[in-house]
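Asks: Okay, handing you the structure first.
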Ligand code: ASP
């Protein structure tokens with residue numbers, strides 16, 4: 001794999017970017033557009049080498065070359081394989097007396113030492129070519145060698161197939177970055193961002209603007225990190241996103257903004273989140289929802305890696321209500337079926353007690369998912385663990401119902417299923433013999449959420465048994481739209497909170513409901529989902545100060561003083577505007593198929609939020625805290641903590 005990836009990444013870059021004639025910015029945009037005609041990069045300009053290790057081929061035969069790289073391995077003091085970011089090349093170590101010093105350097109330097117060698121490109125003797133290596137037809141007859149730096153005994157081998165714990169990888173991240181996989185992930189990320197910039201700036205006139213990361217507290221939304229200031233009792237906050245700034249840029253007439261923006265959220269440890277992460281953040285004036293959606297579809301299509309199946313646009317779209325009812329989540333994985341089916345009507349006259357009880361309530365429903373050939377693949381212990389998930393996390397009962405050969409049911413409720421119900425169930429759920437249905441009863445939202453979760457659990461179980469449900473080469477995009485504007489607060493369901501953020505505009509046809517039944521108002525908020533992960537979200541914004549004030553103060557009970565600058569700005573002729581942010585880390589993670597977003601970030605935090613390489617966050621002596629007028633209030637049981645800060649050791653290391 002190591003060998004051809006870089007060429008694959010750069011393939012296609014030699015051709016011009018396409019629409020070079022759409023000049024809307026006069027001479028400035030002309031030069032911008034033309035400079036984006038890219039060629040295969042010149043990897044050896046300005047440095048002490050003539051070529052990269054990975055680029056040499058038979059066409060270079062006879063050339064004198066100088067290469068720099070790391071010693072990958074050595075064979076019998078005769079051959080040495082040298083590696084750089086571009087690939088591997090075999091060196092022939094000279095054996096004659098006159099080159100004894102060269103031989104000594106190359107034979108004695110430990111693996112992963114960094115060397116510079118010069119020599120001639122020669123062809124390998126017949127029969128010794130290595131067809132698995134792009135450089136496998138040739139080798140370098142070394143004439144001179146220089147040890148640039150020696151490598152100590154490594155904490156782990158720099159080979160992708162050598163397994164190492166993630167904590168060790170993060171502790172020695174600079175070594176981990178030498179692996180093929182990390183090189184591929186970071187370079188692909190850079191390529192995609194480059195194409196995105198090109199698409200936004202050069203093809204569509206967006207302006208790349210940096211916004212501050214020292215800001216103030218934003219009401220609602222995610223928890224923010226605070227930064228002490230020298231003014232007593234005053235703190236900055238690290239923004240959870242550039243949301244307010246990008247809206248203010250629209251008021252400022254910038255019209256089309258984007259930024260590869262660093263965002264910060266203090267959400268505690270979550271396995272697939274990072275306290276700091278990157279968004280492709282976008283805002284436009286005079287746009288509606290379809291405008292933003294088309295822009296994003298074009299952006300992804302344009303920046304999509306050429307070695308993947310092309311992105312097909314437009315992306316399908318589904319309402320929030322439909323997503324919840326059919327997939328039990330607002331981020332459905334649409335690569336496979338197993339949809340939730342409402343079977344309440346089948347059981348209206350049932351004798352099964354618990355179904356009867358639920359259906360007698362006003363919001364009671366009976367729902368099920370079908371697991372194709374579940375009888376074949378699911379073991380008794382799987383069914384037990386499924387029922388346990390339902391009981392522990394949802395306080396819900398789940399009944400497995402097996403359809404056996406000859407249309408016989410096997411289930412605790414089998415004897416109560418009447419002939420008519422049986423036929424109706426088979427028809428509604430399109431059941432085949434050997435299928436299993438998981439049936440639950442309860443309030444709509446709760447029943448759907450449970451089955452949505454079980455749907456994914458069962459997909460994992462089936463895939464662990466060899467069934468292919470989610471094709472890894474498939475990228476299934478989906479817009480989820482028509483979200484509610486507000487949701488009941490988790491800690492206090494009597495109060496409302498924004499489903500997206502408080503700047504999201506209500507659906508135009510629901511405005512009147514704001515003053516009567518705000519919980520029923522739909523919003524102009526859209527999420528982009530890829531293979532069951534949310535990779536972006538945005539909205540058309542409120543540009544009317546009065547409406548914004550009403551939502552903040554009256555409905556959300558927020559302190560409007562915190563946002564007086566924004567409310568004031570909206571009053572000075574703010575244009576209608578909207579935008580979106582794509583989660584770059586998650587997107588690249590899905591594109592590369594990496595197991596975690598930490599694998600697409602050069603220096604990520606561990607899932608508990610530590611930097612295992614430098615041991616951040618770290619303690620600060622009390623005298624250094626003085627200028628900030630703060631002191632640590634140690635928890636009661638603090639002695640152990642204090643000493644662990646003095647001798648840092650993190651749970652993950
Ligand atoms: N700022 C929003 C977020 O971070 C995205 C947006 O509405 O544009 O989720």
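Where a number appears in this text, it was derived from the coordinates with a stated rule and is not lab data. Fair warning: this is a prediction, and the values are worked out from it, not measured in the lab. Neighbour counts are summed over all protein chains in view; Cβ atoms, including those assigned to glycine, are modelled from backbone coordinates with ideal geometry.
Asks: Using the beta-carbon distance between residue 405 and residue 322 and R0 = 30 Å, what value does 1/(1 + (r/R0)^6) give for FRET efficiency, to the nearest 0.05? If you can, show how the numbers build up before the last one.
Replies: On the way: r = 35 Å, r/R0 = 1.16.
According to the calculation, E is roughly 0.30.
Asks: Would you please classify the overall shape of region 193-275 from the alpha carbon gyration tensor, given that a ≥ b ≥ c denote the square roots of the eigenvalues, rounded means a/c under 1.5, and beyond that prolate means a/b larger than b/c while oblate covers the rest?
Replies: Working: a/c = 2.69, a/b = 1.57, b/c = 1.71.
Judged from the Cα gyration tensor, region 193-275 comes out oblate (a/c at least 1.5, b/c at or above a/b).
Asks: Using a simple spin-label model with points 7 Å from Cα along the Cα→Cβ vector, what separation in nm is obtained for residue 380 and residue 568?
Replies: Placing both labels 7 Å beyond Cα along the Cβ direction yields 7.2 nm.
Asks: Further question: Using only the Cα atoms of region 330-425, construct the convex hull and provide its projected area averaged over every direction, in square nanometres to one decimal.
Replies: Values: hull surface 29.8 nm².
It is 7.5 nm².
Asks: Using a Förster radius of 25 Å, what is the FRET efficiency between residue 193 and residue 311 based on their Cβ-Cβ separation? Nearest 0.05, please. Could you put the intermediate results ahead of the total?
Replies: Working: r = 16 Å, r/R0 = 0.65.
Rounded to the nearest 0.05, the efficiency is 0.95.
Asks: Using the alpha-carbon atoms, what tilt in degrees (0 to 90, nearest 10) does helix 289-303 show relative to the longest principal axis of the chain?
Replies: Between the helix axis and the principal axis of the chain, the angle is about 30 degrees.
Asks: Which FRET efficiency, nearest 0.05, do residue 513 and residue 630 yield, Cβ-Cβ r, R0 51 Å? Write down the numbers at each step before the final one.
Replies: On the way: r = 46 Å, r/R0 = 0.89.
In this case the efficiency is close to 0.65.
Asks: In nm, give the distance between the simple-model label positions of residue 43 and residue 159, each being 7 Å from the Cα along the Cα-to-Cβ direction.
Replies: Between residue 43 and residue 159, the simple spin-label model gives 2.2 nm.
Asks: What full-extension length gain, to one decimal in nm, is calculated for residue 217 and residue 335 as 0.36 nm per residue of separation minus the Cα-Cα distance? Each step should come with its number before you reach the end.
Replies: Values: separation 118, 0.36 × 118 = 42.48 nm, distance 3.96 nm.
Extending this stretch completely gives an extra 38.5 nm.
Asks: Which shape class applies to the chain: rounded if a/c is under 1.5, otherwise prolate when a/b exceeds b/c and oblate if not, where a ≥ b ≥ c are the square roots of the Cα gyration tensor eigenvalues? Mind dumping the intermediate values first?
Replies: Working: a/c = 1.80, a/b = 1.39, b/c = 1.29.
It comes out prolate by the Cα gyration axes.
Asks: With everything on Cα atoms, drop me the angle between helix 180-197 and the longest principal axis of the chain, reported from 0 to 90° to the nearest 10.
Replies: Taking Cα atoms only, the helix is inclined about 70 degrees.
Asks: Is it possible to state the helix-based mean residue ellipticity at 222 nm for the chain, with each DSSP H run of 4+ residues giving -39500 (n - 2.57), the sum divided by total residues, to the nearest 500 deg cm²/dmol? What is it? Don't skip to the answer; put the middle values down first.
Replies: Numbers: 19 runs with 176 residues, N = 653.
Value at 222 nm, helices only: -7500 deg cm²/dmol.
Asks: Let me ask you something else. When DSSP beta bridges are limited to those with both residues in the chain, what percentage is antiparallel, rounded to the nearest 5? Each step should come with its number before you reach the end.
Replies: Working: 88 of 95 bridges.
In the chain, approximately 95 percent of DSSP beta bridges are antiparallel ones.
Asks: In degrees between 0 and 90, to the nearest 10, how far off the longest principal axis of the chain does helix 444-464 point, with axes built from Cα atoms?
Replies: 40
Asks: Now for a different question. Order of 282, 601 from fewest to most other C-beta atoms within 10 Å?
Replies: On the way: 282 26, 601 23.
Result, fewest neighbours first: 601, 282.
Asks: Please compute the contact order of the chain in relative form: average sequence separation of alpha-carbon pairs under 8 Å and at least six residues apart, divided by the residue count, as a percent.
Replies: On the way: 1164 pairs, mean separation 82.3, N = 653.
RCO, the chain: 13 percent.
Asks: Between residue 301 and residue 79, what length comes free when the chain is fully extended (0.36 nm per residue of separation minus the Cα-Cα distance, one decimal in nm)? Show your work: numbers first, answer last.
Replies: On the way: separation 222, 0.36 × 222 = 79.92 nm, distance 4.46 nm.
Contour length minus Cα-Cα distance gives 75.5 nm.
Asks: Hey, another quick one. Can you give me the C-alpha center-to-center distance between region 190-240 and region 324-397, rounded to a whole angstrom?
Replies: About 42 Å separates the Cα centre of region 190-240 from the one of region 324-397.
Asks: Moving on to the next point. May I ask you to compute the full-extension gain from residue 618 to residue 58, defined as 0.36 nm times their residue separation minus their alpha-carbon distance, rounded to one decimal in nm?
Replies: Fully extending the segment from residue 618 to residue 58 adds 196.3 nm.
Asks: Using only the C-alpha atoms of region 365-479, find the volume of their convex hull and express it per residue in Å³.
Replies: Numbers: hull volume 14.6 nm³, N = 115.
Here the figure is 127 Å³ per residue.
Asks: Could I have the simple spin-label model distance between residue 489 and residue 418, label points 7 Å from Cα toward Cβ, reported in nm to one decimal?
Replies: 4.8
Asks: Here is a follow-up. From the Cα gyration tensor of region 122-267, with a ≥ b ≥ c the square roots of its eigenvalues, which class applies: rounded if a/c is under 1.5, or else prolate if a/b is larger than b/c, or else oblate? Could you put the intermediate results ahead of the total?
Replies: Values: a/c = 3.33, a/b = 1.89, b/c = 1.76.
Cα axes put region 122-267 in the prolate bin.
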